[in-house]
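Visitor: Would you mind keeping the following structure in view while I ask a few things?
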Amino acid sequence: MRGEPSCPKCGGRVRAPGLFADSWQCDAHGSVQPLQPVVPPSVEALGVVVHRSHVPVWMPWPLPVGWLFSGVASAGDDRSGGRATALTCSGPGPLGGPGELMLIAEELGVGLGARYAGIPGPDPGPDMCLNRPAHAKVLAAGRPTALWHVVSTPEDRAVFVGEALGLWLWAIVWPEETGLLMYDELVLTDLRDAGAEVDLLPCGALSSRLLG
């Protein structure tokens, strides 16, 4: 399943730094942080992403009952380290049926969150409903964190976004009804600070959402 790095904003091909540019280049988006190939979920694959990341790797901890870790992706290269991470979990939705949750941490302008949210990027911009009270709250690394609903997204998902540790925090759920999870004040752990209990993380099948 190994492949080539791609553009975090559109999934297109990118060119490695060379004689004419000192950064990865996408024909459509110019200089980008390359999205590294996605591999099947495992504790070892997760450890690689966590070790090299300069941004949080968010995970609900403990996982909701019946939920499994279903994949992780990161944007950045060996020189810059991880500048965006996307982690997925899957399990039974609050109203029945399967549900998926993707948590993204990223620096301003990377564009990974907007891509998975299905909106023009690279950042939430006017689609973030800041003129209203926060729609959901999570506890991220021990800090109460407000999340706002993002409008103009595809109908098959619900998207929330806020700021945690000075970076964008996106929460994207499929289907839209699974967004009820976000009203239970999820506790999010930055896996860079997690202990040995991560070695017991239950892993499921790779989420196709990461490949989209």
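The values are calculated or read from the model by the stated rules, or taken from the named source; none is laboratory data. Fair warning: this is a prediction, and the values are worked out from it, not measured in the lab. Counting neighbours? That spans all protein chains shown, and the Cβs are built from the backbone with ideal geometry, glycine included. Only protein heavy atoms, including side chains, enter the accessible area calculation; ligands, DNA and RNA are left aside. Shrake-Rupley method; radii C 1.70, N 1.55, O 1.52, S 1.80 Å.
Visitor: Can you pull out the residues in region 1-20 that are open to solvent by less than 30 Å² (accessible area, probe 1.4 Å) and more than 22 Å from Gly71 (Cα to Cα)? Full working, then the answer.
Guide: Let us first name the residues in region 1-20 that are open to solvent by less than 30 Å² (accessible area, probe 1.4 Å), namely 5-8, 12, 14.
Of everything in region 1-20, just one residue is open to solvent by less than 30 Å² (accessible area, probe 1.4 Å) and more than 22 Å from Gly71 (Cα to Cα), namely Val14.
Visitor: Could I ask something else about it? Answer yes or no as to whether Asp156 is assigned to a loop (DSSP other than H, G, I, E, B), over 12 Å from the mean Cα position of the chain (by Cα) and surrounded by 15 or more Cβ atoms within 10 Å (Cβ to Cβ).
Guide: On the way: assigned to a loop (DSSP other than H, G, I, E, B): yes; over 12 Å from the mean Cα position of the chain (by Cα): yes; surrounded by 15 or more Cβ atoms within 10 Å (Cβ to Cβ): no.
The answer is no for Asp156.
Visitor: Here is a further query. For region 184-206, give me each residue that is small (Gly, Ala, Ser) and open to solvent by 50 Å² or more (accessible area, probe 1.4 Å).
Guide: Let us first name the residues in region 184-206 that are small (Gly, Ala, Ser), namely 194-196, 204-205.
Correct list: Ala196, Ala205.
Visitor: Scan region 106-117 and tell me whether some residue there is within 28 Å of Gly12 (Cα to Cα), part of a strand (DSSP E or B), out of contact with any Cys (no Cβ under 8 Å at 6 or more places or on another chain) and at pLDDT 95 or above. It would help to see each step written out before you state the result.
Guide: The first filter runs over region 106-117 and keeps only residues within 28 Å of Gly12 (Cα to Cα), leaving 106-117.
Filter again for part of a strand (DSSP E or B), leaving 106.
With out of contact with any Cys (no Cβ under 8 Å at 6 or more places or on another chain) added as a condition, the list becomes 106.
Next, from what is left, pick out any that are at pLDDT 95 or above: 106.
Yes, there is a match, as at least one residue in region 106-117 is within 28 Å of Gly12 (Cα to Cα), part of a strand (DSSP E or B), out of contact with any Cys (no Cβ under 8 Å at 6 or more places or on another chain) and at pLDDT 95 or above.
Visitor: Of everything in region 89-105, what is part of a loop (DSSP other than H, G, I, E, B) and in contact (Cβ under 8 Å) with a residue 24 or more places away in the chain? Give them in sequence order. It would help to see each step written out before you state the result.
Guide: At the first step, the residues of region 89-105 found to be part of a loop (DSSP other than H, G, I, E, B) are 93-97.
Once the filter is applied, which keeps residues that are part of a loop (DSSP other than H, G, I, E, B) and in contact (Cβ under 8 Å) with a residue 24 or more places away in the chain, region 89-105 yields Gly93, Pro94, Leu95, Gly97.
Visitor: Another question, if that's okay. If a residue has to be of a type in the set (A, V, I, L, M, F, W, C) and assigned to a loop (DSSP other than H, G, I, E, B) to count, how many in region 163-206 make the cut?
Guide: Here is the first cut: in region 163-206, the residues of a type in the set (A, V, I, L, M, F, W, C) are 164-165, 167-174, 180-182, 186-188, 191, 194, 196, 198, 200-201, 203, 205-206.
Keeping just the survivors that are assigned to a loop (DSSP other than H, G, I, E, B) gives 165, 186, 194, 201, 205-206.
Adding up the residues that qualify gives 6.
Visitor: Among the candidates Arg209, Arg132, which residue alone is of a type in the set (D, E, K, R), part of a loop (DSSP other than H, G, I, E, B) and either surrounded by fewer than 17 Cβ atoms within 10 Å (Cβ to Cβ) or touching a Phe, Trp or Tyr at 6+ places or on another chain (Cβ under 9 Å) (or both)? Step through it out loud before you land on a result.
Guide: Working: Arg209 fails: part of a loop (DSSP other than H, G, I, E, B).
None of the others qualify; the one that does is Arg132.
Visitor: May I ask you to list the residues in region 118-129 that are outside any loop (DSSP other than H, G, I, E, B) and either in contact with a strand residue (DSSP E or B) (Cβ under 6 Å, 6 or more places away or on another chain) or open to solvent by less than 40 Å² (accessible area, probe 1.4 Å) (or both)?
Guide: Residues of region 118-129 outside any loop (DSSP other than H, G, I, E, B): 125-128.
Those that are outside any loop (DSSP other than H, G, I, E, B) and either in contact with a strand residue (DSSP E or B) (Cβ under 6 Å, 6 or more places away or on another chain) or open to solvent by less than 40 Å² (accessible area, probe 1.4 Å) (or both): Asp127, Met128.
Visitor: Taking region 73-88, which residues are touching a Phe, Trp or Tyr at 6+ places or on another chain (Cβ under 9 Å) and in a loop (DSSP other than H, G, I, E, B)? Steps first, please.
Guide: Of the residues in region 73-88, the ones touching a Phe, Trp or Tyr at 6+ places or on another chain (Cβ under 9 Å) are 77, 84-88.
Asp77 - this is the single residue of region 73-88 that is touching a Phe, Trp or Tyr at 6+ places or on another chain (Cβ under 9 Å) and in a loop (DSSP other than H, G, I, E, B).
Visitor: Moving on. Out of curiosity, is Ser31 out of contact with any Cys (no Cβ under 8 Å at 6 or more places or on another chain), open to solvent by 50 Å² or more (accessible area, probe 1.4 Å) and assigned to a strand (DSSP E or B)? Spell out the reasoning first.
Guide: Numbers: out of contact with any Cys (no Cβ under 8 Å at 6 or more places or on another chain): yes; open to solvent by 50 Å² or more (accessible area, probe 1.4 Å): yes; assigned to a strand (DSSP E or B): yes.
The answer is yes for Ser31.
Visitor: Regarding region 36-46, can at least one residue be identified that is modelled with pLDDT of 95 or more, assigned to a strand (DSSP E or B) and surrounded by 14 or more Cβ atoms within 10 Å (Cβ to Cβ)?
Guide: No, that holds for no residue.
Visitor: Answer yes if at least one residue in region 27-36 is within 29 Å of Thr145 (Cα to Cα) and among the hydroxyl-bearing types (Ser, Thr, Tyr), and no otherwise. Break it down stepwise before answering.
Guide: So the first thing to find is which residues in region 27-36 are within 29 Å of Thr145 (Cα to Cα), and the list is 32-36.
This time we only want the ones that are among the hydroxyl-bearing types (Ser, Thr, Tyr), so: none.
No - not one qualifying residue is present in region 27-36.
Visitor: Further question: Select, from Val110, Val65, Val43, the only residue that is closer than 16 Å to Arg192 by Cβ and of a type in the set (Val, Ile, Thr).
Guide: On the way: Val110 fails: closer than 16 Å to Arg192 by Cβ; Val65 fails: closer than 16 Å to Arg192 by Cβ.
None of the others qualify; the one that does is Val43.
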